[in-house]
Amino acid sequence: MTQLPVLQVAIPLACAPLCVLLRSRTAAWLLFLAAALSSLTCAALLAEQVADDGPVRYRMGGWPAPAGIEFVVGDFSTPILLLVSLSATVAAVYGHRSVPAEMDARRGTLLYACLCLTLAGLLGLTITGDVFNAFVFLEISSLATYTVIAMGRRRRALLAAFRYLVIGSVGAVFVLIGIGLAYAVTGTLNMADLAQRLTGTGSNRAVQAAAVFVFVGLAVKMALFPLHGWLPAAYAEAPSAVSTFIAATSTKVAIYVLCRFAFTVFGTSLVFHAMPVDRIGLLLAGVAMLVGSAAACLQNDLRYVLAWSSVAQIGYIVAGVALATAAGLSAAYLHIMAHAVTKAALFATAGLLLMRLGSVQLSALAGIGRRMPWTFAAFVVAGLGLIGVPPTAGFVSKWALVTALVERDQWLVLGALLVSSLLAVFYVGRVVEVAWFREPPEGTAPARPPASMVAAMWFLALLSLCFGIDPSLPDRLADAAASALLGSGGG
């Protein structure tokens, strides 16, 4: 059991080169599936161990912290491990049929190799206890993600990947500068040791500059307005299995890392008292809700509708984090889980429609609700979760966020949330209206969708319903995570 944290990262890393060396798309798919399942198993075992015995620590090479590299798994990180590994498993099942339909065998093997690297990077980023290794894992996942986005079926995918590469690299440089400044002040890279040495340095300009650089860099990675420019095209132009995976994970893990830096490394006295991070965060979150939802209403491509709505949903999560209260953090964590499941289901549905119709322009979806009823029913279920209609996970998380905002008298942000939700009714309803109430074009009906893709799509949609009907598990995970963060557990 003591080796579980390192196995989380080592297995996907080992599978990545094997995917390329075996030169078989089927073998590469099996390796990615095995890596995802092994990570999910390790995450489940770690969650049980953390619940029974508290945080789990693994020291690389036996060297004690702060001199050695340390992996830490606690109440704040175990749900993210479960989320990332479960999303990878679902994406692997979904990709079994979607990847061969979108690219040739050679590119397929490279895609699975990069997905293994993305998985390893996201998992490593979640459990590392060292700020420099956080940067390393951030770039492993980012570089692999740039590559898989470029493999989209349209030439626009190359432009989307290049834009993400340029903007993401700027964000990475900001994070690295911030880490360098923190190291210059303290002489350590271990998160727990950094937190201890930074205590009482709130007036130190170098420390404040370090925090600013790290937060701006991570704001780029999580696509917080106005640094969201890379996200819509990246999500919309990526291969369908990739969109399903990264829409559920990449920005969520970046927000998780920002929380660890804000609450564990720099501390609340610096971030929320010496600096106005809470006020700036709430302002940007409110604008993100409005801009993202308004832009989604103007799109004519289903994937771009979903991508722009993610900009708004990131605003919801950031609003909860910026409140810096137990209720706000718990609501933010709930929305991370709810939105990950909901948005993955929606992108999975969009990918399946794209495979069968050749286009997901809204005009091409006329009557598709009657021609592919089971497929579009999953979209409706997930769409209700995106709006926040009971009994879905989206309702549970939005209600928690509304309560947290009311407790802090943040009426303007609450107003932005309500307007954003009304706009979500419009852009989801617009798709439903086209699909159910417009006449389908004449011609043969679309072929029956692949069972594996339908199963993955419905699993995610039903998971959103299950979390909404019985929110006890996500509530318990979110409350434990918020308590760990505010108690400076950080793991």
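Just so it is clear, none of the values below were taken in a lab; they were calculated from the coordinates. These numbers were taken from a predicted model, which means no experiment stands behind them. Please note: Cβ atoms are built from the backbone with ideal geometry, for glycine as well, and neighbour counts cover all protein chains shown.
For the reader, a short list of remarks on this structure follows.
- Going from the residue with the fewest nearby Cβ atoms within 10 Å to the one with the most, H273, H228 rank H273, H228.
- Sites listed here are trypsin sites (Lys or Arg not before Pro) in region 363-452 whose DSSP assignment is loop and whose Cβ has at most 16 other Cβ atoms within 10 Å: R438.
- Region 383-393 - phi-based ³J(HN,Hα) in whole Hz, Karplus 6.51/-1.76/1.60, Gly and Pro as x: x, 5, x, 5, 5, x, 8, x, x, 10, 4
- Amide H partners (placed H, <5 Å) of R438, local residues excluded: G367
- In this calculation the C-beta distance from Q3 to L357 is compared with R0 = 60 Å, giving a FRET efficiency of 0.80.
- Packing-based order for 299-309, 353-363, using average beta carbon neighbours within 10 Å, highest first: 299-309, 353-363
- Local electrostatic count at T186 - Lys and Arg +1, Asp and Glu -1, tallied over other residues with Cβ under 12 Å: 0
- Summary of the geometry: region 375-439 and region 234-283, compared by the centres of their Cα atoms, lie 21 Å apart.
- One chain, two ends: L37 and F426. Fully extended at 0.36 nm per residue, the span grows by 136.3 nm beyond their Cα-Cα distance.
- Across the chain, the volume of the C-alpha convex hull divided among the residues equals 123 Å³ per residue.
- When each of L37, L138, L270 is scored by the number of other beta-carbon atoms lying within 10 Å, the sequence from fewest to most is L37, L270, L138.
- Anchor K221: lysines whose Cα lies under 16 Å away (excluding residues fewer than 8 positions away in-chain): K252
- Going from the residue with the fewest nearby Cβ atoms within 10 Å to the one with the most, T249, T349 rank T249, T349.
- P(r) tail, region 15-102: Cα-Cα pairs separated by more than 17 Å, 60% of all pairs.
- Relative packing of peptides 149-160, 284-295, 184-195 - highest average C-beta neighbours within 10 Å first: 284-295, 184-195, 149-160
- Helix-only CD estimate at 222 nm, as mean residue ellipticity for the chain, using -39500 (n - 2.57) per DSSP H run (n ≥ 4): -25500 deg cm²/dmol
- For D130, the amide hydrogen comes within under 5 Å of the amide hydrogens of E70, M191, counting only partners 5 or more places away or on other chains and with H modelled in the peptide plane.
- Distance histogram for region 1-159 (every C-alpha pair counted, 10 angstrom bins, percent rounded to whole numbers): 12, 39, 32, 14, 4, 0
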